[in-house]
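The values are calculated or read from the model by the stated rules, or taken from the named source; none is laboratory data. These numbers come from a predicted model, not from an experiment. In this analysis, Cβ positions are derived from the backbone assuming ideal geometry, glycine residues included, and neighbour counts consider all displayed protein chains. The area values use the complete protein model at the heavy-atom level, side chains included, leaving out ligands, DNA and RNA. Shrake-Rupley method; radii C 1.70, N 1.55, O 1.52, S 1.80 Å.
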Amino acid sequence: MMATSFLASALAERFGLVLRGEDRPVHGVGTLADATAAQLGFLANPRYRTQLAQTRAGVVVLREADAAGFDGTALLARDPYVAYAKIAALFDAKPERAPGVHPAAWVDPAAHVDPTAHVGPHASIGARSRIGAHAVVGPGCVIGDDCTVGEGCELVARVTLVTRVRLGQRVLVHPGAVLGADGFGIAMDAGHWIKVPQLGGVTVGDDCEIGANTTIDRGALEDTVLEADVRLDNQIQIGHNVWIGAHTAMAGCSAVAGSARIGRHCLVGGGAGILGHLEVCDRVVITAMSLVTHSIREPGEYSSGTPLMDNRSWRKSAARFKQLDRIARHGAGGDKDNA
C-alpha cells in the first residue's frame, strides 16, 4: 500500500536533497500559487520567483540560489523540476489491475498471454502475438498478428498495434495511438498510383512513452525504430523507416517523414517538421514550428519560420519578401535582370 505522507527529511534522504528549516510532513504536491501547508511546491522557472514570498506550501523544492530570504522549509536541489517529478510520483496512485483476461476480450488461440498480465474488456489479441509479464492491455485495444508487448508495458485504452510491432519493457502507450499501420509508400505507374507493400514492422525500445493519437508507421522493408527512453507527445506522425535515437523527446503535432534519422538526446518542438531521408545528429534542439529541410550534422539549437506580428506588418513584410531576390542580385554587383 502506497504511503499517504512523507516527512521532508525522508524525501531529502531518498532523493539526495538538502533539507533546510523545520522537518514537516508532506501529504501531496501543488503549485507555488495553490499548494497548502500540507503540500510540497517547487520553483524551477525563474519567472515564478515572485510567488515564493506568498506561497502557503509547507515545503518548497528549489535551488540553493533561490532559497535566499525564504523562511519556510526548503528542499535544495540541483534541478528542482527533476526532484519534483520524483517526489510527485510517490503520490501518483495507479489502479490495481488484476491479472487475467477479461471475459469480454478475445485472444487468438495462437497468441500467448503471460498469466500475470491484464487484458481488459473488448481487447483483441491476434495470432502469434505475445503479452509479457505484468503488462496491461487496456479496454478496447487491438493487437494484430505477430506483435510483442514486453514486460511491464501499459497500453492505456484503444491502442492499436496493427502488425509486426515489438514493444520493449515498460513502454507506456496512451489512448488512440496507432503503431504499425501502413507506411505511405506509393509509386506512379502510367498515370495512376500503385501501392508499395509495407513489409517491415515497428520496434520500440525500453521505457518509451507514446502520446495519445500518435501514429508510427511500419517500415517498407526494415523496421521503423524508436530506441530506449524516447518520449513522444500527442498527435505526432512518425513515417516509415524513421529511426529515433535514445532519450529524444518530441512535442505535440510534430512530424517526421519517411527514412529520416534523428540522433540521441534531441528535442523537437511542437509543430516542427523533418523532411524524409535527412539525418539529425545527437543533441540537437529544433524549436517549435520549424521545418528541417537539410541534414543537421552539428549539435546545437536550430529554428526556422517567421515570428508572429500584427497583420498589417505581416502584409508589408510579405510584399517585401518578393523583392529579396532582386535586392540580393543588386547587392552582388548590379541588377542582373536588367543586364
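Every residue, every condition in (1) among the aliphatic types (A, V, I, L, M); (2) free of Cβ contacts under 8 Å to residues at least 24 places away in the same chain; (3) more than 26 Å from Ala220 (Cβ to Cβ); (4) in a helix (DSSP H, G or I), yes or no:
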site: Gly252; (1), (2), (3), (4): no, no, yes, no
site: Gly258; (1), (2), (3), (4): no, no, no, no
site: Met289; (1), (2), (3), (4): yes, yes, yes, no
site: Met309; (1), (2), (3), (4): yes, yes, yes, no
site: Arg312; (1), (2), (3), (4): no, yes, yes, yes
site: Lys316; (1), (2), (3), (4): no, yes, yes, yes
site: Ala328; (1), (2), (3), (4): yes, yes, yes, yes
- Message: Among the residues of the stretch 97-109, are any part of a helix (DSSP H, G or I) and within 25 Å of the chain's Cα centre (by Cα)?
- Response: no
- Task: Mind telling me which of the residues His277, His294 ends up being open to solvent by 20 Å² or more (accessible area, probe 1.4 Å), modelled with pLDDT of 95 or more, farther than 18 Å from Thr214 by Cα and touching a Ser or Thr at 6+ places or on another chain (Cβ under 9 Å)?
- Result: His277
- Query: Right, Glu13: of a type outside the set (Lys, Arg), open to solvent by 70 Å² or more (accessible area, probe 1.4 Å) and outside any loop (DSSP other than H, G, I, E, B) or not?
  - Reply: yes
- Message: Would you confirm whether or not the stretch 195-218 contains a residue that is modelled with pLDDT of 95 or more, surrounded by fewer than 20 Cβ atoms within 10 Å (Cβ to Cβ), over 22 Å from the mean Cα position of the chain (by Cα) and not in a loop (DSSP other than H, G, I, E, B)?
- Response: yes
- Message: Can you find, within the stretch 163-194, the residue that is farthest from Asp114 (Cα to Cα) among those that are surrounded by 18 or more Cβ atoms within 10 Å (Cβ to Cβ) and of a type in the set (Val, Ile, Thr)?
- Response: Val178
- Exactly one of His247, His240 is more than 21 Å from Gln169 (Cα to Cα) and either part of a loop (DSSP other than H, G, I, E, B) or open to solvent by less than 20 Å² (accessible area, probe 1.4 Å) (or both), and that one is His240
- Single condition Leu155 does not satisfy, out of (1) under 19 Å from Lys94 (Cα atoms); (2) open to solvent by 30 Å² or more (accessible area, probe 1.4 Å): (2)
- Task: State which residue pairs qualify: first residue more than 20 Å from Glu64 (Cβ to Cβ) and inside the stretch 24-43, second residue of a type in the set (A, V, I, L, M) and part of a loop (DSSP other than H, G, I, E, B) in any location, beta carbons under 6 Å apart, and separation of 6 or more residues or different chains.
- Result: His27/Ala38; Ala35/Ala57; Gln39/Ala57
- When restricted to Ala44, Ala8, the only residue surrounded by 12 or more Cβ atoms within 10 Å (Cβ to Cβ), closer than 16 Å to Pro80 by Cα and either modelled with pLDDT of 95 or more or of a type in the set (Lys, Arg) (or both) is Ala8
- Task: Determine if the stretch 86-97 includes at least one residue that is open to solvent by 60 Å² or more (accessible area, probe 1.4 Å), touching a residue at least 40 places away in the same chain (Cβ under 8 Å) and either farther than 24 Å from Cys153 by Cβ or in contact with an Asp or Glu (Cβ under 9 Å, 6 or more places away or on another chain) (or both).
- Result: no
- Query: If the Cβ limit is 9 Å and pairs must be 6+ apart or interchain, which residue in the stretch 44-68 that is of a type in the set (Gly, Ala, Ser) pairs with which residue that is assigned to a helix (DSSP H, G or I) and open to solvent by 80 Å² or more (accessible area, probe 1.4 Å)?
  - Reply: Ala44/Tyr81
- Could you please find all residues in the stretch 145-194 being within 20 Å of His240 (Cα to Cα) and over 24 Å from the mean Cα position of the chain (by Cα)? Asp145, Asp146, Gly185, Ile186, Ala187, Met188, Trp193, Ile194
- Task: Quick one: count up the residues across the stretch 25-39 that are surrounded by 18 or more Cβ atoms within 10 Å (Cβ to Cβ) and touching a helix residue (DSSP H, G or I) at 6+ places or on another chain (Cβ under 7 Å).
- Result: 3
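Residues checked against (1) among the small types (Gly, Ala, Ser); (2) at pLDDT below 95:
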position: Thr248; (1), (2): no, no
position: Ser290; (1), (2): yes, no
position: Pro299; (1), (2): no, no
position: Met309; (1), (2): no, yes
position: Lys322; (1), (2): no, yes
- From Val137, Val59, which residue is under 30 Å from Gly180 (Cβ atoms) and either open to solvent by less than 10 Å² (accessible area, probe 1.4 Å) or among the aliphatic types (A, V, I, L, M) (or both)? Val137
- Item | Check on Ala187, outside any loop (DSSP other than H, G, I, E, B) and modelled with pLDDT of 95 or more | yes
